[in-house]
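Colleague: Take a look at the following structure, please.
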Amino acid sequence: MADVAISPPAVHRPVTTEPRAARIVLIAVAVLFLAFFLLLPLVVVFVEALGAGIGTYWKALVDKDALAAIRLTLLVAAIAVPANLVFGVAASWLIAKFEFRGKSVLTTLIDLPFSVSPVTSGLIYVLVFGAQGLLGPWLAAHGVKIIFAVPGIVLATIFVTFPFVARELIPIMQDQGTEDEEAAASLGAHGLTTFFRVTLPNIKWALLYGVLLCNARAMGEFGAVSVVSGKIRGQTNTMPLQVEILYNEYSYVAAFAVASLLALLALVTLAVKSFLEWRYAGELAAQRRH
Amino acid sequence: MDALLDYDVNYFRRQETRVDETALSGSSGASLWGKPVDVRVDRVVREFGATPALRGVSIDIAAGELVALLGPSGSGKTTLLRILAGLDAPNAGRVTFAGEDALRLSVQQRHIGFVFQSYALFRSMKVFDNIAFGLTVRPLWRRPRKSEIRRRVMELLDLVQLSGLENRYPSQLSGGQRQRVALARALAIEPRMLLLDEPFGALDAKVRRELRRWLREIHDRTGHTTVFVTHDQEEAIELADRIAVLNNGQIEQVGTPAEIYDKPATPFVASFIGETSALPVGVRSGKLVLDGTPLDISVGGATGGTHNLVFRPHDVTLRPANGGGTVTGRVMSERRHGGSRRLDLEVGPARHRVEIDVPPETENAHRGDFVSFLPSRWWLFEA
C-alpha cells in the first residue's frame, strides 16, 4: 500500500469565532460603553458626595430630613418587597402549574406595570384615592389618608415593582412543568409540603434574583412615588425624592450624599448576588444541568 | 400499629415475607400498605375534551404480577397508568385495588410507587433526600426515626446498586443511575403497586438491556404488583408476565408474551408484536385463493369474502417454483437480517409486497429471481 502522507490540516478556526481584529474592536466598544455610561456616573456620584470632605458628607446624611427619607424608603421596601414576593410566587405558581380560562389575560396584567409609565401609575392612584378621586370622599369621611401619605407611596411602589418576581419565576416554573409535584404527591406529600419541599427549592435562585431586583426598584422608584407623595419634608419624602429636592435647592453635596447611599445599596445588592452565586456555584451548576 | 409501620429489613430479600404481610393487614384504611394488591380496571373511559384517550378499557391484574401496557404513542397506555396512580381520573368506569374502590382515594392515599419517564427526581435534593422523601413527608406520628430512615435509604441504595452515591445531586448521575434512584424512591414508601412510565425510554440500548434484567430481578425479589408502559415490544416480551396491547384507546389483547406473539387476536397485534407480512386472499371450497389462484393452504371454518393472510417473514417454507399452489414473487431487493437473508418480494399482477426470510446460502433467490413459498405458520383476519 502506498505511503500516503497525511498533510497537516490547514489552520482551522472554530466556526463560531471571529478574526482577531473584529474581536478587539467589539470588546473595546463594549468596555468603553460600559465605562462611559455605567462606571463613570457611579464614580461621579461618590466623588461629588465626598468632594467637600467626609465630615460634610456625614452631616448631610444625619440631617433630620435625610434620615426621615432613609427610614421611609426602608419602610416602603420592607412592605412592598414581601408583598410582591407573595403575590409574585402565587401568580407564577397559578400561571405555570395550572390551566384555566383567562390565563393569558392574567399574564398580560402582570406585565402592565412594566408597560405603563410610572408617572401614569401614580396618577391612577391619585384619581382613585385622591381628594377629588373615586373613593376620595368616602376615605375622607372615614379619616383614611392614602394620597400624600405613606399608604399611597407603598401602594404605588407595590404596583410598579409587581412584575419583577413573577417575571423571573414564570418561565422557569413553566419550564419545570408539574412532574416533580406529581412525583411528590405519589410519594404521599400534600399541597403545602410539596410547595415548600419541592416547588420552592426548585425556584429559589430565580426567586432570589427577582427579590433583589424588586428591592432595588422599590428603593429607587421615583416617578410613581413623586406623584402620590406630595413631597412633605421629613414625612413623605423617600430617598430619590429627597435627592431631587436637595438638587433643586443647589445643595449638591447633600444631594449626592443621599444619592451615594442609593448607589451603595445597588452595589451591595450586586455584591450579595455575586457572593451567593460564588458560594453556591456547585449546587447552582448542578441544578442548571439537570 | 408499630408492627404495621415497621419496615422489614429483609423485606426485599425474603420470599416468605408474604406470610408476615398477612399478619400486618387488618388495620383500617392502611391495611394494605406494602402488600401487593390485585387490580381490576373495569370499562374505564377517559376523554380529553372531545378526544377519547381510553374507550372503555378493562383488565384484571393479579397481585404480584408484572404487566406491560404496550402500544404506539397515543394509544392511551400512559393515560391508563396515570389513572391507576391517581394522577388522572376517568370520565367513566371503575378501578379497584383488592376489591376497594381506588377512584375514591387521592394520589397520596393510593400509596403507589410511580416512576416517571423523565424520572422527575427532585433536583435540589441529593440522592439520599430524594429516596428519603416519601418517608420524611409522612405525618409525625407515622414518620420513622431519623436513624431508621437512614437505614432504609442505605438499604435501598444497596438494592439498586448505588451505594456511595447518596451525596450526589441527580444532575451528577448518568441516565441509568437516575432511573435507579427514581425506582428506589418509589420503593421507599413500601408501595402497594409499582407503576413505571416508559422506564427505559431515555436510555441507550446497552443500559436498557441491563436495567431490564435488573428490574425483573427486583420485581421477583420484592413481589410488587408492577405495571409498566412501553412502546417497545421486545421490552414487553422479555420483561412482562402478561402484556396488554393497546391501540387507539382500547385493549386489543391481553395475554402472556407467548400468546400474544403466537396467537395475535387482531391484525394490529400481529403487526405490532414482531414483524409481519400480509396478503389479501379469498376463500374458495376450503382453500385460500390469491389473485384467483388456489393456494396449498386449507382452511376449515373460514367462509368466503376477503381476508388478510398474515405471517411472520421467518415462518415460511420455500417451495419448488413449478409446484403450483404456492405464493410466487419476484425478488426486488435483498439484505442481511440477523442470521438470515431477507427478501423483498413483489407478488402477482397486483404487485403485493411481502418480506420473507431465507437462509443466507439459498440459491436462485437473488434480485430478479422468482421465488415460491408458503407460510408455515399464519393467521387469517377479516379484511
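Colleague: Select, from B:Thr276, B:Thr306, B:Thr293, the only residue that is closer than 26 Å to B:Glu361 by Cα and either surrounded by 20 or more Cβ atoms within 10 Å (Cβ to Cβ) or not assigned by TED's automatic domain parsing to the domain that holds B:Ile237 (or both).
Modeller: B:Thr276
Colleague: B:Pro199 fails exactly one of the following numbered conditions: (1) under 29 Å from B:Val41 (Cα atoms); (2) of a type outside the set (A, V, I, L, M, F, W, C); (3) more than 9 Å from every other protein chain (Cβ to nearest Cβ); (4) open to solvent by 10 Å² or more (accessible area, probe 1.4 Å). What is the number of that condition?
Modeller: Among (1) under 29 Å from B:Val41 (Cα atoms); (2) of a type outside the set (A, V, I, L, M, F, W, C); (3) more than 9 Å from every other protein chain (Cβ to nearest Cβ); (4) open to solvent by 10 Å² or more (accessible area, probe 1.4 Å), the lone unmet condition for B:Pro199 is (4).
Colleague: In region B:105-127, what residues are under 18 Å from A:Phe196 (Cα atoms) and outside any loop (DSSP other than H, G, I, E, B)?
Modeller: Across region B:105-127, the qualifying residue is only B:Gln108.
Colleague: Being open to solvent by 50 Å² or more (accessible area, probe 1.4 Å) and under 24 Å from B:Ser271 (Cα atoms) is the filter here; which residues of region B:309-327 pass it?
Modeller: Passing the criteria: B:His314, B:Thr317, B:Leu318.
Colleague: For B:Leu246, only one of the following conditions fails: (1) surrounded by 24 or more Cβ atoms within 10 Å (Cβ to Cβ); (2) more than 14 Å from chain A (Cβ to nearest Cβ); (3) not in a strand (DSSP E or B). What is its number?
Modeller: Unmet condition: (3).
Colleague: Right, next: Among the residues of region B:60-99 satisfying the criterion of being within 18 Å of B:Val115 (Cβ to Cβ) and β-branched (Val, Ile, Thr), which is most open to solvent (accessible area, probe 1.4 Å)?
Modeller: B:Thr78
Colleague: Within region B:82-104, how many residues turn out to be in a loop (DSSP other than H, G, I, E, B) and within 15 Å of A:Leu187 (Cβ to Cβ)?
Modeller: Result for region B:82-104: 2.
Colleague: Kindly indicate which of A:Ala49, A:Ala35, A:Ala30, A:Ala22 is among the small types (Gly, Ala, Ser) and more than 30 Å from A:Ala266 (Cβ to Cβ).
Modeller: A:Ala22
The rows are residues; the columns are (1) among the small types (Gly, Ala, Ser); (2) under 30 Å from A:Leu246 (Cβ atoms); (3) touching a Leu at 6+ places or on another chain (Cβ under 8 Å); (4) in a helix (DSSP H, G or I).
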| residue | (1), (2), (3), (4) |
| --- | --- |
| A:Val89 | no, no, yes, yes |
| A:Leu94 | no, no, yes, yes |
| A:Val126 | no, yes, no, yes |
| A:Lys145 | no, yes, yes, no |
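Colleague: Quick one: count up the residues across region B:89-109 that are out of contact with any helix residue (DSSP H, G or I) (no Cβ under 7 Å at 6 or more places or on another chain) and within 14 Å of another protein chain (Cβ to nearest Cβ).
Modeller: Residues in region B:89-109 being out of contact with any helix residue (DSSP H, G or I) (no Cβ under 7 Å at 6 or more places or on another chain) and within 14 Å of another protein chain (Cβ to nearest Cβ): 3 in total.
Colleague: Could you please find all residues in region B:128-165 being in a loop (DSSP other than H, G, I, E, B), without any contact (Cβ under 8 Å) to a residue 24 or more places away in the chain and within 14 Å of another protein chain (Cβ to nearest Cβ)?
Modeller: Listed by number, the residues that qualify are B:Val137, B:Arg138, B:Pro139, B:Arg143.
Colleague: Restricting to region A:165-204, count the residues that are hydroxyl-bearing (Ser, Thr, Tyr), assigned to a helix (DSSP H, G or I), surrounded by fewer than 20 Cβ atoms within 10 Å (Cβ to Cβ) and more than 9 Å from every other protein chain (Cβ to nearest Cβ).
Modeller: The total comes to 0.
Colleague: Report, by residue number, each residue of region B:54-71 that is assigned to a strand (DSSP E or B) and among the acidic types (Asp, Glu).
Modeller: Residue satisfying the conditions is B:Asp60 alone.
Colleague: If you don't mind, another one. Kindly establish whether B:Val181 is under 20 Å from B:Leu87 (Cα atoms) and within 14 Å of chain A (Cβ to nearest Cβ).
Modeller: No, not satisfied.
Colleague: Okay, moving on. Got a sec? Which of A:Asp65, A:Asp111 is touching a Lys or Arg at 6+ places or on another chain (Cβ under 9 Å), assigned by TED's automatic domain parsing to the domain that holds A:Leu246 and loosely packed, with under 15 Cβ neighbours inside 10 Å?
Modeller: A:Asp111
The values are calculated or read from the model by the stated rules, or taken from the named source; none is laboratory data. In this text the structure is predicted, and so the values were computed from the model without any measurement. Cβ sites come from the backbone with ideal geometry, for glycine too, and all protein chains shown count toward neighbours. The protein model used for the area step is the full one, side chains on, heavy atoms only, and it has no ligands, DNA or RNA in it. Shrake-Rupley method; radii C 1.70, N 1.55, O 1.52, S 1.80 Å.
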